[in-house]
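Each remark here refers to the structure printed beneath this line.
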């Protein structure tokens, strides 16, 4: 089983790029990326 850090390193860039394509705002995309992984670790 992969650690959370490994999963984050593997997928964060892709999630960020996707959110950036939706928002067109780098700061918001970064915040939403962090929130996405925060929610993932909570569940």
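The values are calculated or read from the model by the stated rules, or taken from the named source; none is laboratory data. Remember, it's a predicted structure, so these values are computed and weren't measured experimentally. A quick note on method: Cβ atoms are made from the backbone with ideal geometry, for glycine too, and the neighbour counts reach across all protein chains shown.
A few points about this structure:
- Test: residue in region 3-21 that is outside any helix (DSSP H, G or I) and modelled with pLDDT of 95 or more: no
- Taken over region 23-43, the criterion of being exposed (fewer than 13 other Cβ atoms within 10 Å of the Cβ), in a helix (DSSP H, G or I) and out of contact with any helix residue (DSSP H, G or I) (no Cβ under 8 Å at 6 or more places or on another chain) is satisfied by 27, 35, 38, 39, 42.
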